[in-house]
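Everything below concerns the one structure shown next.
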Amino acid sequence: MGRQWEREYAVAYLQARYPRSRHIQGAPLGPVPQEMVARYGMRTALRMGRGLRPEADLLVWGEQELVLIECKIFKWLDGLSKLPTYKGLVATTPELEEWRSWPVRMVLATPWIMETMREAALVGGVELDEFVTPEAHEYLAKLNSYWTSEAKVAREQRQRARALLGLE
């Protein structure tokens, strides 16, 4: 498995913006399948059903508010589109029952913001937080290098080699 760039970015964001706040990284949201609860009990169902529920990158307990955070280095639209859904799931999340009456703020952390992002965030009620790290720049540079002529030639050479070896 390769480097988990966005997970590292989320940890850096959390340390910079919410260093002492209670939080969950990879916060499961939404109801637990009732069949599992009936069969195994709530505690076991919560553990078993974790992979069946969507997860916010970060959930932070602020002062009298919950903050749902998506950290996206490149695919900002994924973060913007997920956050309103996640916010809607807070009310059905068993682990958050105690805080259901709290307001929920949605934040997209990203190393760059352009006008299209601002407009989309405004429509969805999402705050944008420009957060830059050297690792985010490194990742973006790596993505951009994919389109260089050198990278294209190298991909073509790998494809030819795979074809000669009968791997395609």
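The values are calculated or read from the model by the stated rules, or taken from the named source; none is laboratory data. It should be emphasised that the depicted structure is a prediction, and the values quoted were computed from it without experimental measurement. We place every Cβ from the backbone using ideal geometry, glycine too, and count neighbours over all the protein chains shown.
Restricted to region 12-24, and to residues there that are touching a Leu at 6+ places or on another chain (Cβ under 9 Å) and under 15 Å from LYS72 (Cβ atoms), the residue that is surrounded by the most Cβ atoms within 10 Å (Cβ to Cβ) is TYR13. Exactly one residue out of LEU128, LEU96 is assigned by TED's automatic domain parsing to the domain that holds VAL32, more than 16 Å from the chain's Cα centre (by Cα) and surrounded by 15 or more Cβ atoms within 10 Å (Cβ to Cβ): that is LEU96. Checked against (1) surrounded by fewer than 13 Cβ atoms within 10 Å (Cβ to Cβ); (2) not assigned by TED's automatic domain parsing to the domain that holds TYR13, TYR139 passes all but a single condition, namely (1). If only residues of region 124-141 that are hydrophobic (A, V, I, L, M, F, W, C) and touching a helix residue (DSSP H, G or I) at 6+ places or on another chain (Cβ under 9 Å) are counted, the one that is farthest from LEU68 (Cα to Cα) is ALA136. Name the residue that is farthest from VAL126 (Cα to Cα), counting only residues in region 25-47 that are loosely packed, with under 15 Cβ neighbours inside 10 Å and of a type in the set (A, V, I, L, M, F, W, C). Restricting to residues being loosely packed, with under 15 Cβ neighbours inside 10 Å and of a type in the set (A, V, I, L, M, F, W, C), the top hit is ALA38. The single residue among ALA151, ALA121 that is touching a helix residue (DSSP H, G or I) at 6+ places or on another chain (Cβ under 9 Å) and surrounded by 15 or more Cβ atoms within 10 Å (Cβ to Cβ) turns out to be ALA121. Checked against (1) out of contact with any Cys (no Cβ under 8 Å at 6 or more places or on another chain); (2) closer than 27 Å to GLU35 by Cα, ASP57 passes all but condition (1).
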